[in-house]
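As structure tokens, the structure follows; a few thoughts come after it.
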Amino acid sequence: MSQSQGAPASPTQSRNKKSLLVSDPPKFDLESYLANYKGRTRLERLILIGTCSSFLGVDALKLAVKEAKKGKDVKRYLEAQSHLETIGPQEREATRDRAWMDTTEKQNQAETQRLEAELKGYKNNLIKESIRMGNEDLGNHYQAIGDLPRAFDSFSRMRQDVSMSKHIIDISKHIIEVAIEQKNWVAVSSNVQKIKGVMGPPEEDPTLQPYLCATDGLALMDIGEYYNAALRFLETEAGMGTSSNTIVSPNDIAVYGGLCALATMERNELHTQVLENSNFRTYLELEPHIRRAITFFVNSRYSACLGILEAYRTDYWLDIHLQKHIDDLYHLVRSKSIVQYFIPFSCVTLDSLNAAFMPAGKTIDKELAMMIQRKDLEARIDTQNRLLTSVPSTPRSALQANTLETAKEYEREARRRIQQMNIVAADLEIKGGKRALAGIDDMFDDGRQLRSMKPQDQARNPHHIGGFQ
């Protein structure tokens, strides 16, 4: 069952994400990590790791400089080189290669002029297929040199010249890739829906469904809808392989889906929708620590679950899509663990909570007080006896409230049925739009009865609705 997706008030939320600096070494090997990706996302991830990790910063930026020089994006090269010059000025890659920059910029300008001239010729000849391909070539070029707004516009113009559903899918995939790099998640979601509207049976392209689930899940995760994002990632069918590695890898699906599910789903949902999900199990096998954490949570071993997550926090701080969400996700998992731990008891000693959820020498008192203030935890803190006690429930009041609501709903339904019977018995016809009919139920809820009008009254009042007054 979904929990509240609002931004939780967590002590970690005051962290300035732009200046995040991670000093602990991550668990992944940089070369192996990069092997999961291709295209521009490799350079993006290297620059993020280089600017945020003091342990891998120099190595990541050296690789970023080399990666940038394989392509045509001078701005990204300057970004990587400038950071490396700051933290590792003695490195050979830290020296700015002005000759390469000048040559690449001239080549980029020449290629842009050539492609624009070709596209202009195609438009003069009015050949739709050539125009579509010309816009595609120009969009790919703009994307390669880092001019993402022009790339987005070029790919969008391809829609004017589509002739089959495959073209719509190709165009939308181009736009999705550019929009993800721009962090334009509205465009990502809209183009996912466009592909879903024209896609054929899964047998035609087995990699399309995993691609759509992954990109839609990223868009939902970015706006904080972690429960819906978890559902999208969990729907990802096996067989993604390297088909989406310009955006995400199968390992990312396991991490993103597992963490979003762990933060928002109840234990029974985690068991049925995650651990027993045959398709998602394929991805979980790539990240066994996520599967272990979920298993521990389902088995009520909350301390072990949180310990595993904490061990991998550094890795997730260095993830391009997960960095700004990881503190919130961890906070949701931790709060839910404390609530689940407390549910079976009427009171728990604060010392036992400290032993289960806090490191040595720290207390959980302030965190519990914040959870109670946010109404995440229905309990009271007994500071004198060092106890956390549950708030006594009032089943009589809840029963009375439910009974009154049921009686009101029954009365509303009875009035609607009487209304319909009177209309049929009087041989009346209700005419008018939705605005004219909007207040009929309210009229009957107020106790008014259906009355028919005389023909002469109806003639004098042509706007009267089927005998109601």
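The values are calculated or read from the model by the stated rules, or taken from the named source; none is laboratory data. Since we're looking at a predicted model, the values are computed, not measured. As a convention, Cβ positions derive from the backbone with ideal geometry for all residues, glycine included, and neighbour counts pool all protein chains shown. Areas reflect the complete protein model, heavy atoms only, side chains present, ligands, DNA and RNA absent. Shrake-Rupley method; radii C 1.70, N 1.55, O 1.52, S 1.80 Å.
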Query raised in the report: When only residues in segment 75-92 that are basic (Lys, Arg) and open to solvent by 90 Å² or more (accessible area, probe 1.4 Å) count, which is nearest to Phe55 (Cα to Cα)?
Result: Arg92
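If you check Ala304 against the conditions, is it farther than 30 Å from Ser249 by Cα and of a type in the set (Gly, Ala, Ser)?
Numbers: farther than 30 Å from Ser249 by Cα: no; of a type in the set (Gly, Ala, Ser): yes.
No: the conditions fail for Ala304.
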Requested in this report: Scan segment 356-396 for residues that are within 30 Å of Ser337 (Cβ to Cβ) and assigned to a helix (DSSP H, G or I) and jot them down.
Outcome: Ala356, Phe357, Asp365, Lys366, Glu367, Leu368, Ala369, Met370, Met371, Ile372, Gln373, Pro395
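I'd like the residue in segment 195-212 that is under 16 Å from Thr242 (Cβ atoms) and outside any loop (DSSP other than H, G, I, E, B) and, out of all such residues, is farthest from the chain's Cα centre (by Cα). Give the steps one after another, and end with the answer.
Just the residues of segment 195-212 that are under 16 Å from Thr242 (Cβ atoms), to begin with: 205-211.
Okay, now just the ones that are also outside any loop (DSSP other than H, G, I, E, B), so 208-211.
On the way: Leu208: 19, Gln209: 17, Pro210: 15, Tyr211: 14 Å.
Here the residue is Leu208.
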Query - Count - residues of segment 304-335 that are in contact with a Gly (Cβ under 8 Å, 6 or more places away or on another chain), open to solvent by less than 20 Å² (accessible area, probe 1.4 Å) and either assigned by TED's automatic domain parsing to the domain that holds Met370 or assigned to a helix (DSSP H, G or I) (or both) - result: 0
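So in segment 214-227, with the set limited to residues that are in a helix (DSSP H, G or I) and free of Cβ contacts under 8 Å to residues at least 40 places away in the same chain, which one is nearest to Tyr256 (Cα to Cα)? Before you say what the answer is, go through the steps one by one.
Going through segment 214-227, the residues in a helix (DSSP H, G or I) turn out to be 214-222, 226-227.
Checking which are free of Cβ contacts under 8 Å to residues at least 40 places away in the same chain leaves us with 214-216, 219-220.
Details: Ala214: 9, Thr215: 12, Asp216: 12, Ala219: 12, Leu220: 11 Å.
Only one residue tops the list, namely Ala214.
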Requested in this report: Give the residues of segment 160-185 that are loosely packed, with under 14 Cβ neighbours inside 10 Å and assigned to a loop (DSSP other than H, G, I, E, B), sorted by residue number.
Outcome: Ser163, Met164, Lys183
Report task. Report, by residue number, each residue of segment 379-402 that is touching a strand residue (DSSP E or B) at 6+ places or on another chain (Cβ under 7 Å) and of a type outside the set (Lys, Arg). Result -> Ala379, Ile381, Asp382, Leu387, Leu388, Thr389, Ser390, Val391
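State whether one or more residues within segment 186-193 are among the aliphatic types (A, V, I, L, M) and open to solvent by 40 Å² or more (accessible area, probe 1.4 Å).
Within segment 186-193, the subset among the aliphatic types (A, V, I, L, M) is 186-188, 192.
Narrowing further to those that are open to solvent by 40 Å² or more (accessible area, probe 1.4 Å): 186.
The answer is yes; a qualifying residue exists.
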Query raised in the report: Would it be correct to say that Lys106 is on the phi < 0 side of the Ramachandran plot and open to solvent by 60 Å² or more (accessible area, probe 1.4 Å)?
Result: yes
